[in-house]
Structures are given as C-alpha cells and as structure tokens.
Amino acid sequence: MKYAITAATGNFGKIAVKKLADLVGQDNVIVIARNEEKATQMFPGFEVRQAAYDEVDPLIQALAGVERVLFISSQPGQAIPRSQQHENVVTALKQAGVSYVAYTGFAHAQESPNALANDHQLTEKLLAESGLNYSILRNNWYLENEIDFLQAGSEGKRITYWASDKAGWALEREYAEAAVKVLVSENPKQIYEFAGPIRSYAQLAQALQEATGKEFDVAHLTEAAYVDDLVASGLDQATAELFASFQAPIADGSLNHPENDLAEVLGHPVTDLVEAIKEVLA
C-alpha cells in the first residue's frame, strides 16, 4: 500500500514522514512538497513528488497510485486563500482515486468562535461531501507555539500573557505521531479531538519555572497592555498586534476542551509538561 504526506517539508510533515516510514517502510511512503529540491535533501532515499496546494492538476499527478494520504493543512495568509488551497486538495484527492485521507484540522472546529476555524470548517464540509473515506484530526495547541514565552522564562526574564482561558498544549511530534497512527489504522474514527491536558498560562509558567529552575516575574495583562508591553520591548505596533493575536484561540475558549484521543491513539499519556518544556528548550 502506498501512503503519501502532503506539505511534507514543514515541521509537522518532517516528523510524520519519518514516523510513517518506521511503520510501513520507506518504500511505501511518498513525499509531496512544494519545493522538490528541499524535500529531496530532507528525505534522502524517499520518492518525492512536487505539488503545491495552489493548482489541482499537479496534485492529481502527485497522488497517482496513492491509497492513503495525510493531508496537512496549509498556513493562512498566503497569496492564494487557504480555503481555495484546501478545496484544490480535496478535488485532487477525489480525482486521483485516493481511498482514505486523514486531515489535520482545528480543535472542535464546527463549534469554535475563532476565525482560525473558518477554513477548517469549510474543509470538513468539503470532505463530508466528497464521498471520500476520511478522518478529521482536530489538533489543539502545539507547545512549540509558546517558544517566545518559554525562552524568556528560561533566561529569567519577565513573561507576560493576556489570554485567561486554557489550552491543551502537547508536543508537535506527539500530534504528528498520532496522525500517522490514525493513517495506518484499520478502523479509524471519523473525528479525533487531539489535545494534551488542559492548562492555563499561569500553570504553564509554573511548569516552566520547574523545568528551568529559574525564578521570573509572571504578569497577566489585558490585551491592550500586552501589545503595549511588546511595543515597549522594541516591536512595531503591527507586529505586536500580530503576536498578541496568537493567544486569541486561548482567550476565547476555543482550546479549552479536555480530550483523551491523543493519549489513546499514542498508546500512552502525552509527555509530562515539565519534560516537554525541557525538550522544546533543548
């Protein structure tokens, strides 16, 4: 059986390709990437096929002979809207005759009030109407998303946040490994809600202190004060507002959903938060 991973040169894809090869053998894994040269260098010995999400025909060609696909969602804010990119992928999956696709989505996408969920809602609808066999892997939040927060604390600097709700932080590699395990499973569910244990920023800061052995000030600010704080640190207003927006899915409660699917698919609890922080900082 031939498997393919799209957008394979990103962090998630890189982990997933290696995990999948461990499970099914390198010869059965096809790497699909926008930049063929980069992918060939990153994955020596793998079959690499060039295709971006921007056009349907190259995707159809790249998916020829593939039975199962891990469809990794693209990043928003590109020249071609993510909604169009994802529609292109679903069209190509159908026309290429793929038998099953696992798609990386957003936590509780259909009920989420956050704008980040919009494209995922559309993609879920497209998959539901496609006639394809599929699973939706609704990912919560990667611990790596908080790298600036973690690095500041590891250096003993004051750390700030404005989002007062909670998220299910877990390592990106754990989300990727779980995605691959679903991809190769015999009877996958249609929807998985992947998340680590639900915690607040205050709890994340406490775990960071334990992981680093550092004492530092922790300040819970309003969103406006958080932006002002970033500007005072040297960022321009637009960049500061962009950075602040990264906490919006936590602030609006979109990620406050306790779930066990991630641990169940992995076959063990997710990495302890203190140890996970040490891994990210390493």
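Assorted remarks:
- DSSP H segments from the chain that extend 15 Å or more along their own axis, Cα-based, with Kyte-Doolittle mean of 0.0 or above: 11-24, 172-184
- For the chain, adding -39500 (n - 2.57) for each run of n ≥ 4 DSSP H residues and dividing by the number of residues yields -13000 deg cm²/dmol at 222 nm.
- Solvent exposure of the chain amounts to 45 Å² per residue of accessible area, where only protein heavy atoms count and the probe is 1.4 Å.
- The orientation-averaged shadow of the Cα convex hull for region 231-274, equal to a quarter of the hull surface, comes to 5.0 nm².
- Once the C-beta distance of Lys214 and Asp272 is scaled by a Förster radius of 22 Å, the resulting FRET efficiency is 0.75 to the nearest 0.05.
- Cα-Cα P(r), region 130-282, percent of pairs per 10 Å interval: 11, 36, 32, 15, 5, 0
- Kirkwood hydrodynamic radius computed over the chain comes to 19.7 Å, based on all pairs of distinct alpha carbons.
- Candidates Glu36, Glu223, Glu186, ranked by Gaussian network fluctuation over the chain, Cα under 10 Å, top entry: Glu186
- Model label sites at Asp252 and Glu264, defined 7 Å from Cα along the beta-carbon direction, differ in position by 2.8 nm.
- The apolar share of the surface of the chain, taken as the fraction of accessible area on carbon and sulfur atoms (1.4 Å probe, ligands and nucleic acids excluded), comes to 46 percent.
- Considering only beta bridges that DSSP places wholly inside the chain, some 5 percent are antiparallel.
- Long-range amide H partners of Ile191 with built H, under 5 Å: Ile136
- Two-decimal log10 I(q)/I(0) for region 139-208, as the Debye equation yields it once each C-alpha is a single scatterer, q = 0.17, 0.20, 0.27 Å⁻¹: -0.68, -0.84, -1.25
- Region 171-210 - Rg (one decimal) and Dmax (whole number), Cα, Å: 14.3, 42
- Candidate cross-link partners of Lys14 among the lysines, defined by an alpha-carbon separation under 26 Å and a same-chain spacing of 8 or more, comprise Lys2, Lys38, Lys94, Lys181, Lys189, Lys278.
- Subtracting the Cα-Cα distance of Asn35 and Leu23 from their residue separation scaled by 0.36 nm leaves 1.8 nm.
- Between Ala232 and Ala115, the modelled label-to-label distance comes to 2.7 nm, taking each label 7 Å out from Cα in the direction of the beta carbon.
- Entry note, region 66-206: relative contact order of 26 percent, from Cα contacts under 8 Å with a spacing of 6+ residues.
- For region 1-154, the convex hull drawn through the C-alpha positions has a volume of 130 cubic angstrom per residue.
- Relative contact order of region 3-139, defined on C-alpha pairs under 8 angstrom at six or more residues apart (%): 21 percent
The values are calculated or read from the model by the stated rules, or taken from the named source; none is laboratory data. These figures come from a predicted structure and were not determined experimentally. Cβ coordinates were reconstructed from backbone atoms using ideal geometry, including for glycine residues, and neighbour counts include every protein chain displayed. Surface areas here come from the heavy atoms of the whole protein model, side chains and all, with no ligands, DNA or RNA. Shrake-Rupley method; radii C 1.70, N 1.55, O 1.52, S 1.80 Å.
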